[in-house]
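Working notes, beginning with the structure itself.
Please treat every number below as a calculation from the coordinates, not as lab data. Because the structure is a prediction, the values reported are computed rather than measured. Backbone-built Cβ (ideal geometry, glycine too); neighbour counts: all protein chains shown.
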Amino acid sequence: MSFRLPLFALVMALSLAACEPPTTPDPETSDSTPTSTPDQESLEAPMAEQRSHTVEAPGGTREDPWYWLRDDERADPDILAYLEAENEYLEKSLEHTSDLQEKLFAELRGRVVEDDSTVPYLSHGYWYYTRYEEGQELPIHARRKGSMNADEEVLLDENERAEGESYYRVGGRDVSPDQGKLAWLEDTVGRRQYEIRIRDLETGEIHEPGIGNVSSLAWAGDGETLFYVKNHPDTLRSWQVRRYHPDMEDDEDPVVYTEEDTSFYTRIMRTTSDGYLVIYLRSTVASEMRILPAADPEGQFQVFLPRQRDHEYNADHLGDRWIIRTNWEAPNFRIMEVPVGEESDRDAWQDVIGHDEDVFIHGFDAFVDYLAVSERSNGLRRIRVMDWNSDTDDAWFIDSDESAYAAYLDTNPDQHATTLRYAYTSMTTPTSIYEVDMESGERTLLKRDEVPGGFDPDDYRTEMVWATARDGERIPVSILHHADTPLDGTAPLYQFAYGSYGASMDPTFSPFRLSLVNRGFVFAIAHVRGGQELGRHWYDEGRLLNKKNTFNDFIDVTDFLVENGYADPERVYAMGGSAGGLLIGAVANMAPEKYHGLVARVPFVDVVTTMLDESIPLTTNEYDEWGNPADETYYEYMLSYSPYDNITEQDYPNILVTSGLWDSQVQYWEPTKWVASLRHHKTDDNRLLLYTDMEAGHSGQAGRFQRLKETAMEYAFLLDLAGIE
């Protein structure tokens, strides 16, 4: 599905190098000003002219003087020149940090295991894995037949495919059930509008059927028929399921399903058993499945259970039954089962794991003898294991040695397996892949992300604390800092949050933030309402007419951290991306005096204009997230917090904004217009910088090293502001 997901959460996890003690500035000599500033008199910020433009709105019209910065084709020479001028201004403004940026980039790259590989998993007699070669930006996907001692068969070398392209990213990929073909999606623009490629794994021949604007695909059981989802040509919404076969002579592949409800996304997949093809349809508050035996590709998809507002479900096939995750009369979800053939009779659904108001169920892996459930309690992600032949009360949890952590189900394609693959991480434990025997409970560490140069977790401290929001709610906050960093109110703070779509930001390990932590920063994740860290109600209390709770929570967490000595009140910095960038934009308007610097990555800041325009990707699907502005109640509420619409004549913090020209999630003109308006209205001399990647989209550059350059720029911006050389 296509959410405005945070860039922070999409960036690949890298390994950490050796850690040096932090270098906290002496408070007697540091006044929180940049250590070396550019000659401001020689720099002139780009100022976009205002042009009269009227936007239709409920009850009348409103003026949008920077609407002209929108160009759907990304070809207007005046707009491109303006974006380039902003990039040049940023480069000159940060020129004095160029050495620091180079140092940070080298530091971050030095934490990458350049010849790394994933833990192989067994599927249909082959061991599948992904690996990197030294110096290469992109992964190589490969397999070995029978054992890891067999000859390697390269399925797809992304580096070869990317040659000559300024941008290259692989979307979905699927090996046919007979293991004879690989189909994958590739994007050479950054717009997430993929084209299909097919490789015959016996001959190595690549077929390019000329099918573009695709978002997902899945093979049928015959290994010849491929189902795929076309995106709508105007709104880019995943929309239509088609069937491709190389022997078909028709000009167009047959349409097997079209989703007419513009609030739903469409996806095609196979069940873990390979027994069924599934069309999965989802909106913010409802879902529906349509199923077809994979061995009958020309058959008709049948509705699993008709959609109903406020009912979300998904199911996987296991033998003679379906295992279902559903929120039917269960806001935090429960696990149920139903015999094959009785899916559409909800009265036939039977409880496996009942609803618990204190436990949120994320998903499951179903095995012949066991059921593994991914769930969340007290804000922490954990895994429960149940023997089908035992009482539910005998289910057990995989142990953790830490008080704050996250455990996730990993790749488990064999339903007859008696071992479970899972991933474990914390803010001080690199991502670790374990295999646990589901009968004995014995677990084996298969791989822990290597840290080039060495890494000692004892050099760091992590904890979860609880801040009290203004309405009395307790907000969980995950904290990381170096053991030598004093918590006496002198440390700079880097605070992050997302707070939308029910996406939970877990306390996971990341090497990026440690470049700040090693230099004395305290890093904090504010688990604000709008995520699901504390269950479904936590999400519901941060969306629609409750959205302002997200922003208030973030500000109240900042106050808590300052009051309790975690942060120097003069050196508080915050970052959010995508919908988290909306959070940053709202905070900038609501409490600018509390922050010395803000970073907004691909921020969703022009809420009202976007939600009024049904031609923009994502808009119609998100009425249940933000509200439909055709309803004046929602319109007025959105208008009251939309960052672009609430800029006033006041001082703002130092702000760094990033954007992607080809972004299909948050169109480039949103951050561009926001910055233009800020430049016109703000009353301070603080930095306001906009960087637009002219060759990428929402997720930034695809290469594992390329993306680190933007991170190095961001960190140099913050370190410079914090007065840390």
From the Cα centre of segment 284-331 to that of segment 545-611, the distance in Å is 38 Å
Compute the distance from the alpha-carbon center of segment 443-460 to that of segment 154-219, in whole Å.
34 Å
Working from the alpha-carbon coordinates of segment 146-241, get Rg over Rh, Rh being the Kirkwood radius.
1.00
Of TRP68, ALA348, LEU514, which is farthest towards the positive pole of the chain's charge dipole, taken about the Cα centre with +1 and -1 on the beta-carbons of Lys, Arg and Asp, Glu respectively?
ALA348
Compactness summary of the chain: radius of gyration and Dmax from Cα atoms, Å, are 25.5, 79
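Once you keep just the Cα pairs under 8 angstrom separated by 6 or more residues, what percentage relative contact order results for the chain? Before the final figure, lay out the partial values.
Numbers: 1722 pairs, mean separation 104.8, N = 725.
Across the chain, relative contact order equals 14 percent.
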If you put +1 on each Lys and Arg Cβ and -1 on each Asp and Glu Cβ, how big is the dipole of the chain around its Cα centre, in Debye rounded to 20?
540 debye
Hey, got a sec? Which trypsin sites (Lys or Arg not before Pro) in segment 230-312 land in a DSSP loop and have at most 12 other Cβ atoms within 10 Å?
ARG309
In vacuo Debye scattering of segment 318-449, one point per C-alpha: log10 I(q)/I(0) at q = 0.11, 0.16, 0.19 Å⁻¹?
-0.40, -0.83, -1.13
Dipole magnitude of segment 318-449 about its Cα centre (Cβ charges: Lys, Arg +1; Asp, Glu -1), debye to nearest 20
660 debye
Least to most buried among MET148, MET694, by other C-beta atoms within 10 Å and fewest first, runs MET148, MET694
Which listed pairs, of LYS230/LYS547; LYS92/LYS709; LYS103/LYS682, have C-alpha distances above 24 Å, in listed order
LYS230/LYS547; LYS103/LYS682
